[in-house]
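The values are calculated or read from the model by the stated rules, or taken from the named source; none is laboratory data. None of the values given here were measured: they were computed from a predicted structure. We place every Cβ from the backbone using ideal geometry, glycine too, and count neighbours over all the protein chains shown.
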Amino acid sequence: MKRKISLILFSLWLVSFGLPEENSWIRINNLGYLPQSIKVAVLGSKTNGKVESFSLYDATTNTEVFKSKKVTAKGAYGPFSTSYRLNFSDFTTTGKFYIEANGIKSPVFKINADVYDHTADFLLKYMRQQRCGYNPYLTDSCHVDDGYIIYHPTKTGQHIDVTGGWHDATDYLQYTATSANAVFQLLFSYSQNPETFGDAYRADGLPGPNGIPDIIDEAKWGMDWLKKMNPSATEYYNQIADDRDHIGFRLPNKDTAVYDPKYKGRPVYLASAERQGLKKYQNRSTGVANTAGKYASAFAMGAMVLEEFYPGYTDDMPKRAREAYAYGKQNPGVSQTAPCKGPYFYEEDNWIDDMELAASSLYKLTNNEVFKKDAIHYATEEKITPWMGRDTVNHYQYYPFMNMGHHELASALKLNESKTVSSYYGQGLELLFDRGKSNPFLIGVPFVWCSNNFVTAAVTQCKLYRELTGDDRYLEMEAALRDWLFGCNPWGTSMVVGLPSDADAPVAPHSSLTILEGYPTDGGLVDGPVYGTIFNNLIGLELYEPDEYAPFQSDLFVYHDDPGDYSTNEPTMDGTACLVYYLSSMQGESMETGHKPRSYTRDNSGAITRGDRREKDLTLVFTADEYAEGAEEVLETLGKHNIKAAFFLTGNFYRDSNNRKFIEKALKQGHYLGAHSNKHLLYNDWTKDKKLLVDQEQFKSDLFANYSEMEKYGIKKQEAPYFLPPYEWGDEIIAQWTDQMGLTLINYTPGTLSNADYTTPSMENYKSSADIFKSIMTYEDKEGLNGFLLLSHMGTHPDRTDKFYKRLDTLISTLEKKGYNFESLPDMLSIKYQ
């Protein structure tokens, strides 16, 4: 199940006062570093020793490129007896490198302007996967009968349509607290860094661009649900379902939990000051201000951001925001989430921060001085988010973990007032710095449940404080917190599933999708390490696999990439949403230096059809099923020009012993060999609606069979992640099914007739090779072929004697003279996080 990138180990003992390599490790940011960023690695060892200098080596040539004595000893911490911070910020050269100190080597890492490109969009993959109602990841619906009202003085038992929104985590509960915060965070992220977000998915979450940034589509999905959960000015619902959901792993579209046989759907809890809990356990609710404040801020931000994309949709949002804010003022206190059978619930005790954010957002929306006055009052009442500086807090006791109200208020105030409110961020960061300054990772958050959410909040607060004030005193702590999330931690692993894909990151999260079907939960921020005392006292926690991180566990804290550990390895929707802002900001910082991220073009089905258009690069793509009489000639021509092409071949082709020589030769020459379906199935009919002709099981069975034939040649699925559909024909459902299998659907670039070289003279759509060649050159002359995936065939029906592959040499030579470079497919489609 694991695909961990193993640490580079050596059997040599180190020189004088050195450390034995097998007991020492260097931790780095697995994503990599921006050239201009602070860059610090951490060396930890289980033995005593001394490190005085370190070197950077080019990973390609193994030559030393940088040497430094910027080493800071930090002593014992967690599993390590000694530790050091290795600062290489002065090194700004781009490339791939590794660090060596006293013979201890780090994993290879990257320094480049592109390391954060598209990472914010990548996190949205998990948000779409968490959708309730229609779930695009599963291409099916769930919880369509939600729900029936409880804890309402007059409406208990009545049906209310609240289908939609996001599941909170691996369970299928839904909370207004986390969802409203997620909506605000997504909208805030876009408002701050709109240029960093792309458009690859439709509003329903299925693949295919729709002209609206994906983050806006996702925010609106959450906003639609919030509107349903707020049917009147005095009704603010707080939660759907409860821990009766915890009956084992199952997919959301196959949910077997039954709450009350008298009612359809799941219970919908009213936000109120009433203590709630239907069985053994109850919460400690005292009011509604925390919930109402979150509604108000989400609606106010929505009114400011969404109107551009959905004219008329936001007409009611200013009124909703004002009503929710007024209701919060009338009902101070907290409405906590409701437990039931178990003792675990979100024990939110503070509400001042929610009302500050609501008032600040309303002030920005309306310019009404009353809201400004209220916001300033609330800001002074809770200057520092109470968890900061503490060793421990209850579960979600101070939520959200990041007080966005200070930023929204400070950014709307004039200089002196803004400086005062911004200073509150600084006071909290100073507490955090004091707690973390003595350890090698500069980490000062409490390691309670969802510690990664605290890290995300802290790194965001560092960034916002720096932007508001220009004060960079916490810049190194910000870098350390960022690096902690991506591998510079005792375990050496990223804390985001699938990010990066080529280094240590979670692959076995506590997720029904992963456990039952093997589906990845890409983009999900996992809970993160917890104190050993917490881990050892949780109910129903059992590891499923041997602990690969056993050497790095300690009494201080533990982390497991294991599906049985719900305390450290469960992705959460709200934590993921909150990290989107920071990652988009990192991409934005890089773009401010002149960097331009690469981008794809997709067709309406969501298939990638073109690479980046900035350079004169293109890729030659060939498909084959039963005809391949030109295979040897194609290989010879490609070899003549030293070109690496891509061949998408059916299982029929791989099975045919007559093709063995070609396949082996193509592999030896370094060409990409991929899948094209097992038996060249037609997935959709040829009508405009593209009616599906196969079900998901037929699709998966056929494609797995294709890869099974490829494995006989040593081609593993993870080494051939691009799939080109048979007949070059598919739809958004095929694209999504492909994604579920961990593959990416691609297709040829439209505009030329290159793919018509299969036609025969008896066909109405017959195109001669001369016509095809002319179409390519005409398109090149008018629009260029930058980023093109130029598709043709290695063979045709015998009735076609005019073989286009015989013009391949001329085509290549002509395009080379025009300045085109022929890229391999993996190089052309090298954007990892989209």
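What the table below lists for this structure:
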item	result
Only one of 509, 563 that is in contact with an Asp or Glu (Cβ under 7 Å, 6 or more places away or on another chain) and farther than 23 Å from residue 45 by Cβ	509
Boolean, residue 190 is assigned by TED's automatic domain parsing to the domain that holds residue 248, on the phi < 0 side of the Ramachandran plot and surrounded by fewer than 21 Cβ atoms within 10 Å (Cβ to Cβ)	no
Unique match (being assigned to a helix (DSSP H, G or I), modelled with pLDDT of 95 or more, in contact with a Lys or Arg (Cβ under 9 Å, 6 or more places away or on another chain) and among the aromatic types (Phe, Trp, Tyr)) among 225, 221	221
Answer from 724, 745, 692 - the residue that is in contact (Cβ under 8 Å) with a residue 24 or more places away in the chain, within 24 Å of residue 135 (Cα to Cα) and surrounded by 21 or more Cβ atoms within 10 Å (Cβ to Cβ)	745
All positions within segment 273-290 that are in contact (Cβ under 8 Å) with a residue 12 or more places away in the chain, part of a loop (DSSP other than H, G, I, E, B) and closer than 14 Å to residue 349 by Cα	273, 283, 284, 285, 286, 287, 288
Qualifying residue in segment 792-804 (condition: part of a loop (DSSP other than H, G, I, E, B), assigned by TED's automatic domain parsing to the domain that holds residue 676 and β-branched (Val, Ile, Thr))	yes
Flag if residue 771 is more than 30 Å from the chain's Cα centre (by Cα), over 26 Å from residue 612 (Cα atoms) and of a type in the set (Asp, Glu)	yes
Selection status of residue 211, touching a His at 6+ places or on another chain (Cβ under 8 Å), assigned by TED's automatic domain parsing to the domain that holds residue 313 and closer than 24 Å to residue 304 by Cα	no
Scan of segment 714-735 for residues that are farther than 20 Å from residue 789 by Cβ and either of a type in the set (Gly, Ala, Ser) or in contact with a Phe, Trp or Tyr (Cβ under 7 Å, 6 or more places away or on another chain) (or both), ordered by number	714, 717
Qualifying residue in segment 40-57 (condition: at pLDDT 95 or above, under 30 Å from residue 592 (Cβ atoms) and not in a strand (DSSP E or B))	no
Qualifying position, being at pLDDT 95 or above and within 28 Å of residue 275 (Cβ to Cβ), among 352, 384, 376	352
Residues that are under 15 Å from residue 488 (Cβ atoms), assigned to a loop (DSSP other than H, G, I, E, B) and not hydrophobic (A, V, I, L, M, F, W, C), drawn from segment 62-109	74, 78, 79, 89, 106, 107
Set 263, 269: member being of a type outside the set (Lys, Arg), touching a strand residue (DSSP E or B) at 6+ places or on another chain (Cβ under 6 Å) and over 19 Å from residue 165 (Cα atoms)	263
Neighbours by Cβ (under 7 Å, 6+ apart or cross-chain): first from segment 601-628, closer than 17 Å to residue 756 by Cα; second of a type in the set (D, E, K, R) and assigned to a loop (DSSP other than H, G, I, E, B)	609/603
Failed item in (1) polar (S, T, N, Q); (2) within 24 Å of residue 510 (Cα to Cα); (3) surrounded by fewer than 18 Cβ atoms within 10 Å (Cβ to Cβ), with residue 604 passing the rest	(2)
Residue satisfying all of: in segment 678-689; in contact (Cβ under 8 Å) with a residue 40 or more places away in the chain and surrounded by fewer than 16 Cβ atoms within 10 Å (Cβ to Cβ); farthest from the chain's Cα centre (by Cα) among these	686
In segment 556-600, residue surrounded by the most Cβ atoms within 10 Å (Cβ to Cβ) [restricted to those that are free of Cβ contacts under 8 Å to residues at least 60 places away in the same chain and under 24 Å from residue 519 (Cα atoms)]	568
Residue check for residue 242: in contact with a His (Cβ under 8 Å, 6 or more places away or on another chain), in the same structural domain as residue 358 (by TED's automatic domain parsing) and acidic (Asp, Glu)	no
Residue 763 over 20 Å from residue 618 (Cβ atoms) and not aromatic (Phe, Trp, Tyr)	yes
In segment 639-693, the residues that are among the charged types (D, E, K, R) and farther than 30 Å from residue 617 by Cα	655, 656, 660, 679, 685, 688, 689, 690, 691
Residue match in segment 570-586 (condition: touching a strand residue (DSSP E or B) at 6+ places or on another chain (Cβ under 8 Å) and under 30 Å from residue 788 (Cβ atoms))	no
Scope segment 673-685; condition part of a strand (DSSP E or B) and closer than 18 Å to residue 793 by Cβ; matching residues	673, 674, 675
Selection within segment 759-788 - crowded, with 19+ Cβ neighbours inside 10 Å and in contact (Cβ under 8 Å) with a residue 40 or more places away in the chain	759, 785, 787, 788
Strands (runs of 3 or more DSSP E) wholly inside segment 570-672 that include at least 1 residues being touching a helix residue (DSSP H, G or I) at 6+ places or on another chain (Cβ under 7 Å)	617-624, 646-649
Residues of segment 459-477 satisfying the condition of being part of a helix (DSSP H, G or I) and in contact (Cβ under 8 Å) with a residue 40 or more places away in the chain	459, 460, 461, 463, 464, 465, 468, 469, 475, 476, 477
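This table checks each residue for (1) crowded, with 22+ Cβ neighbours inside 10 Å; (2) outside the structural domain of residue 784 (by TED's automatic domain parsing); (3) within 20 Å of residue 788 (Cα to Cα).
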position	(1), (2), (3)
611	yes, no, yes
621	yes, no, yes
624	yes, no, yes
631	yes, no, no
640	no, no, no
645	yes, no, yes
648	yes, no, yes
652	no, no, no
